[in-house]
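Have a look at the structure below before the remarks.
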Amino acid sequence: MSAATTRSRTPDRLCAEAVDLARAAAEEVAAPGVVGEHEGLVSEGDRVVTHFFGCHELGYRGWRWAVTVARASRAKIVTVDEAVLLPGPDAVLAPEWVPWSERLRPGDMGPGDLLPTDAEDLRLEPGFSGGEEPPPSSAVSGEMADLVEAEDAEVTEGTPAHLALTPVRGTIAAVAEELGMRRARVLSRYGLHTAADRWEESFGAKTPMAQAAPASCVSCGFLTPIGGSLGQAFGVCANEFSPADGHVVSLAYGCGGHSEAAVMPKPPQPAPPVIDETRVDPFPLRPSPDSGSVPATEDASAAELGHS
């Protein structure tokens, strides 16, 4: 260790004794009654010392007034370099500033809010830009003319440059717009991977719901397939009683609302009755006249003999 380093770590005697000078400088900068007791000093270099005073100002708990004093070589007069308010080791500080793009969380957007995307967003890549579209002055090829004739369309004479208005039908831009592909930017491979990781974390195979599910969504009748490359691993749940209803779920996800997990059996149908108890049989109150052995008409002689 050199002698210069040793001298820089040892406070200068005259600068260390200039506590009153440092306090006066701090009180001149601060409001009245804000500067507190002397809390120590530190050597900043050769003949340079910083004095610390407590701060009694509201809202600055743990902060200190730092006054740096110094003197020239072979001089005995100490002067003030600067006086500032600095946070101490126990100071209450504001949280570290984070850009809004990193503070934004899902669900923060409300009606009328606009979320701009960076021009160099890694989640997006250029889509159809029209760069390969032929110029308006290019002539229609013979093959295209044959196809147009087969489609029973009208073809004007001459090149599009000779027309008053350039025809839109048949251009690459019109076909791309009809197919829904005319977008300035589309999802990049990085954007697809980040979306898949996010969906897998919310409704994936490692969630507690999927771990306790009787079966996975790949065999569920409520799973609605989606297109694109993500459709090989994800779908949309259409079960209104499922916690994932209307959400993109992994094919390995599952819940208790699986369509084939617990199929309710049909209620048993009772067998037809042997005796029909629902039919009413009429019974007469008096027997029919022709139901017995006694004839309907009796002579007087038979009645006297008591014939039964």
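We did not get these values from a lab; they are worked out from the coordinates using the rules stated. Source: prediction; values computed, not measured. Cβ: placed from backbone, ideal geometry, glycine included. Neighbour counts: every protein chain shown.
If R0 is 22 Å, what FRET efficiency do you get for ARG9 and ASP81 from their C-beta distance, rounded to 0.05?
0.75
Read phi for every residue in the stretch 78-89 and hand back ³J(HN,Hα) as whole Hz from Karplus 6.51 cos²θ - 1.76 cosθ + 1.60, θ = phi - 60°, with x for Gly and Pro.
For the stretch 78-89, the Karplus curve yields 9, 10, 9, 8, 7, 9, 9, 9, 10, x, x, x Hz.
What whole number of Å gives the distance from the Cα centroid of the stretch 70-109 to the Cα centroid of the stretch 244-260?
Taking the Cα centre of the stretch 70-109 as reference, the centre of the stretch 244-260 is 52 Å away.
Subtract the Cα-Cα distance of PHE241 and GLU37 from 0.36 nm times their separation in residues, and report this length gain in nm to one decimal. Present the calculation step by step, with values, prior to reporting the outcome.
Working: separation 204, 0.36 × 204 = 73.44 nm, distance 6.69 nm.
Difference between extended and current length: 66.8 nm.
Which length gain, in nm to one decimal place, applies between GLU260 and ARG286 when the Cα-Cα distance is subtracted from 0.36 nm times their residue separation? Mind showing how you got there, number by number?
Working: separation 26, 0.36 × 26 = 9.36 nm, distance 6.50 nm.
Full extension of this stretch gives 2.9 nm more.
Using the Karplus curve 6.51 cos²θ - 1.76 cosθ + 1.60 with θ = phi - 60°, what ³J(HN,Hα) values do you get for each residue of the stretch 28-45, in whole Hz, with x for Gly and Pro?
6, 7, 8, 6, x, x, 9, 6, x, 6, 6, 10, x, 8, 8, 7, 9, x
Using a Förster radius of 41 Å, what is the FRET efficiency between GLU17 and TRP97 based on their Cβ-Cβ separation? Nearest 0.05, please.
Computed FRET efficiency for GLU17 and TRP97: 0.50.
Could you give me the ³J(HN,Hα) list for the stretch 55-67, computed from phi with Karplus coefficients 6.51, -1.76, 1.60 and θ = phi - 60°, whole Hz, x at Gly and Pro?
Each residue's phi maps through the Karplus curve to give 10, 9, 6, 5, x, 10, 5, x, 7, 9, 7, 10, 10 Hz.
List the trypsin sites (Lys or Arg not before Pro) within the stretch 58-92 that fall in a DSSP loop (any state other than H, G, I, E or B) and whose Cβ has at most 11 other Cβ atoms within 10 Å. Kindly include the intermediate steps, with their values, before the conclusion.
Details: sites: ARG61, ARG64, ARG71, ARG74, LYS76; in loops: ARG61, ARG71, ARG74, LYS76.
Counting only loop positions with at most 11 other Cβ atoms within 10 Å, the trypsin sites (Lys or Arg not before Pro) in the stretch 58-92 are ARG74, LYS76.
How far apart, in nm, are two points set 7 Å out from the Cα along the Cα-to-Cβ line at THR278 and at ASP90?
About 9.0 nm separates the two model spin labels.
So, in nm, how far is label LEU104 from label LYS206 when the simple model puts each one 7 Å beyond its Cα toward the Cβ?
2.7 nm
Taking amide H positions as placed in the peptide plane 1.01 Å from N, state which residues far from ARG64 in sequence (5 or more) or on other chains have amide H under 5 Å from it.
HN-HN under 5 Å from ARG64: LEU86, GLY88.
Using modelled backbone amide H atoms (1.01 Å from N, in-plane), which distant-in-sequence or interchain residues come within less than 5 Å of GLU44's amide H?
Distant-sequence amide H within range of GLU44: VAL49, THR50.
Would any residue of the stretch 191-211 have its amide N under 16 Å from a label point 7 Å out along Cα→Cβ of ILE226? List them or say none.
Flagged as within label range: 191-205.
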